[in-house]
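The values are calculated or read from the model by the stated rules, or taken from the named source; none is laboratory data. This one's a predicted model, so the numbers in the text were calculated from it and none came from an experiment. No Cβ is skipped: glycine too gets one built from the backbone with ideal geometry, and neighbour counts run over all protein chains shown.
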Amino acid sequence: MPRWCGCYGVKAIVSAHSSANGNAASSAAESGTSTERQSHALTFTKVPDGRKQAIRGLWVRNGRFYAQLKVENPITGIKKTRRVPLVDKQRNPVTTVAQAVAELRRLHTQRADNALPVLERTPKFADNAKRYLDFVASGQGAKKFKTVQEERRILARWSDTIGELRLDQIKRVHINRFIEARLKENVSPRTINVAVIALRVVMKRALADALIQRLPTEGLRPLTTTQHKRPLFRLSSTVRPSTARRARPWQHPTESSAEQNPSRSRSAKSFGRPP
């Protein structure tokens with residue numbers, strides 16, 4: 001209901017929006033719930049052990065266990081503290097404190113052995129292929145210009161197929177689908193093998209940069225190719241070179257033959273025959 005202001009006789013109108021906000025605030029206060037209490041459940045809390053002591057590096061949020069580790073970014077080389085969700089060997093989230101402690105210790109061991117898996121999001125294949133092409137095209141990759149252009153054309157086709165996938169998401173099934181699609185386009189097996197080699201080169205560089213743990217092309221056999229046999233080279237179709245040594249213009253033919261076979265000239269002289 002509108003109220004009257006006693007100073008100038010102007011009617012003061014309370015907006016519906018403010019009244020609605022006030023009613024919502026009063027109802028929230030009456031029910032005992034607030035936005036702070038709702039967001040409190042989304043924060044990380046430390047995990048206590050059997051003696052009610054906080055386990056170092058172990059956190060929990062919404063029933064999911066996390067490990068706090070200081071890891072190095074394989075691309076930039078900068079060390080940063082991150083919270084990583086803990087999973088077992090089957091990639092399933094751990095459910096108990098004992099399992100979380102065991103997985104946390106396993107991560108610590110892997111970090112000490114320099115075998116820690118990639119804990120950050122790996123780049124997409126299209127971005128990594130572009131970085132590789134920029135490197136080999138800068139003159140530091142020891143590759144010819146035509147080779148770089150050929151790899152650029154092949155990797156562009158790969159980017160159209162798996163460019164949006166991250167490096168650790170590329171599996172053998174994606175490569176097999178690419179091969180099947182190219183075979184349906186009547187592409188020769190040798191051309192497909194060259195495309196797979198170009199993909200393997202990019203993935204090997206990602207493996208060297210510790211972006212992936214293993215190659216998706218591991219154990220992949222190349223397609224069988226048919227080589228056309230070339231005809232044999234026949235000597236009868238060519239002019240046979242002369243094995244005899246030609247006499248010099250100023251030299252007598254008998255002298256040239258004597259130089260070629262001195263034993264024959266000596267034997268001819270011994271028997272009194274002309275050489």
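In table form, for the structure just shown:
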| item | result |
| --- | --- |
| Residues of segment 188-212 that turn out to be within 16 Å of residue 150 (Cβ to Cβ) and either modelled with pLDDT of 95 or more or part of a helix (DSSP H, G or I) (or both), as a count | 13 |
| Some residue of segment 140-152 being under 12 Å from the mean Cα position of the chain (by Cα) and either of a type in the set (Phe, Trp, Tyr) or within 24 Å of residue 85 (Cα to Cα) (or both) | no |
| Per-region count, segment 147-187, residues farther than 28 Å from residue 121 by Cβ and either touching a Phe, Trp or Tyr at 6+ places or on another chain (Cβ under 6 Å) or not in a loop (DSSP other than H, G, I, E, B) (or both) | 9 |
| Out of 121, 214, sole residue that is under 30 Å from residue 72 (Cβ atoms), surrounded by fewer than 16 Cβ atoms within 10 Å (Cβ to Cβ) and touching a helix residue (DSSP H, G or I) at 6+ places or on another chain (Cβ under 8 Å) | 214 |
| Conditions (1) loosely packed, with under 15 Cβ neighbours inside 10 Å; (2) assigned to a helix (DSSP H, G or I); number of the one not met by residue 139 | (2) |
| Some residue of segment 217-238 being modelled with pLDDT under 95 and closer than 17 Å to residue 129 by Cα | yes |
